[in-house]
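I have placed the structure first, in the form of structure tokens, so that the comments after it can refer back to it.
The values are calculated or read from the model by the stated rules, or taken from the named source; none is laboratory data. Fair warning: this is a prediction, and the values are worked out from it, not measured in the lab. Methodologically, a virtual Cβ is constructed for each residue, glycine included, from the backbone with ideal geometry; neighbour enumeration extends over all protein chains shown. Just so you know, the surface numbers come from the protein's heavy atoms only, side chains and all, with ligands and any DNA or RNA stripped out. Shrake-Rupley method; radii C 1.70, N 1.55, O 1.52, S 1.80 Å.
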Amino acid sequence: MGLPFDKQRPIPSPALAPAQNEFERADDELTIALVNNMPDGALKATERQFMRLVQGAAGKRRVRFHCFALPSVVRSKQAKDHIDKDYTDFAELDRLPVDGLIVTGAEPIAPTLPQERYWREFTGLIDWAKENTRSTIWSCLAAHAAVLHLDGVERQRLAQKCSGVYDCAKAADSWLTGELPRSIKVSHSRLNELRESDLGPRGYRILTRSAEAGVDIFARDFESRFIFFQGHPEYDDHSLQREYMRDIARFLSGQREDYPGLPASYFDAASEEVLANFQQRARAERRPEIAAELPGLTLRPDVPAGGAATIIFRNWLDHLGVDARALSSETIRK
């Protein structure tokens, strides 16, 4: 469902959609589509995070925001009911005058990406976005899938999960990173990586990178300008904590064999000590009930609160707005 909003009119939920025709828009509006493929537990949080970012970056510009989901991603009944009620039918995406597209990753299930149930739909979306958007953002696993389909760039399995908050430095000047400080803090959470040595020779431009986490943001121009996030600038302060608690619960219930590593540069020293002690107990007892005994945890004071992400998304919307005005002027001249 479309969500028109401006700085003075916050829209807290995808359920609050207007009654007007969602496939029509004013000349000064931008249309942003989010294809949300995150697992059920993160579905609504991801909606809120990207909606908050776009809304905060929009300023006085009116933006119509639509949520979609790939039908082939397996969902619980509760999540499917939410999508059926509050999302626009995926088959309608081609009818929208989409300016910018955001595509999230999905929880990996199959051994390789082409073996995932949603692969055919996902590659069709990549091909569609190249010709039907002005710019598309591919987030985390979506970035890995897109470069594999586009250029055969294979992601590489990490020895251990990259999880935490990392310092990322600007690697090149770009309209997307304008006004960013030289170094920003970005959340990363992934089991695989795309390497700069593989991306560069195939025409991808590295925009930000981390000494510890590797490539952060990179880009390549097709008919649409494609932006790729290996990290998660959209994450709120507690996103990594929720993931870490989920992974601990999976260890305690036997759904995973290895105990999750502590997110880097995320919890304060006292909380890290509490979690280290809990890890020893979890390995010794391994009962799901003990997860409820974890006390409250405290994050480091320098965990990012979305400032860099707001600048990135403001630059993205500004770029889309310039392109929209240029297209409108060209249409008038004709």
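Key figures for this structure:
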{"item": "Whole-angstrom gap from segment 175-189 to segment 197-230, using each part's C-alpha centre", "result": "13"}
{"item": "DSSP H segments from the chain that extend 30 Å or more along their own axis, Cα-based, with Kyte-Doolittle mean of 1.0 or above", "result": "none"}
{"item": "Nonlocal amide H pairs with residue 135, under 5 Å, H built at 1.01 Å", "result": "101, 225"}
{"item": "Shape category assigned to segment 52-184 from the gyration tensor of Cα positions, a/c cut at 1.5", "result": "oblate"}
{"item": "Leading residue at positive end of dipole, the chain (Cβ point charges), from 41, 303, 252", "result": "303"}
{"item": "Heavy-atom SASA rank of 310, 112 (probe 1.4 Å, accessible area, largest first)", "result": "112, 310"}
{"item": "Estimated FRET transfer efficiency when R0 is 35 angstrom, pair residue 158-residue 28 (beta carbons, to 0.05)", "result": "0.20"}
{"item": "Listed peptides 294-301, 33-40, 93-100, 249-256 by packing density, highest first (mean Cβ within 10 Å)", "result": "33-40, 93-100, 249-256, 294-301"}
{"item": "Percent antiparallel among DSSP beta bridges (both partners in the chain, rounded to 5)", "result": "55"}
{"item": "Where a label projected 7 Å from the Cα of residue 277 along Cα→Cβ would reach, residues of segment 228-263 with amide N under 17 Å", "result": "none"}
{"item": "Residue 285-residue 238 pseudo-label distance in nm [points 7 Å out on the Cα-to-Cβ vector]", "result": "2.3"}
{"item": "Separation in nanometres of the label points that stand 7 Å from Cα toward Cβ, at residue 84 and residue 258", "result": "3.9"}
{"item": "Residues in segment 139-170 reached by a label modelled at residue 45 [backbone nitrogen below 19 Å; 7 Å Cα→Cβ]", "result": "139-142, 161-166"}
{"item": "Residues of segment 49-91 with amide N under 16 Å of a point placed 7 Å along Cα→Cβ from residue 110", "result": "70-75"}
{"item": "Size of charge dipole - the chain - debye, nearest 20, with Cβ of Lys, Arg +1 and Asp, Glu -1, no other charges", "result": "100"}
{"item": "Per-residue [θ]222 nm for the chain (sum of -39500 (n - 2.57) over DSSP H runs n ≥ 4, rounded to 500)", "result": "-11500 deg cm²/dmol"}
{"item": "Pairwise label distance in nanometres, residue 318 with residue 183, each label 7 Å out on the Cα-Cβ vector", "result": "2.5"}
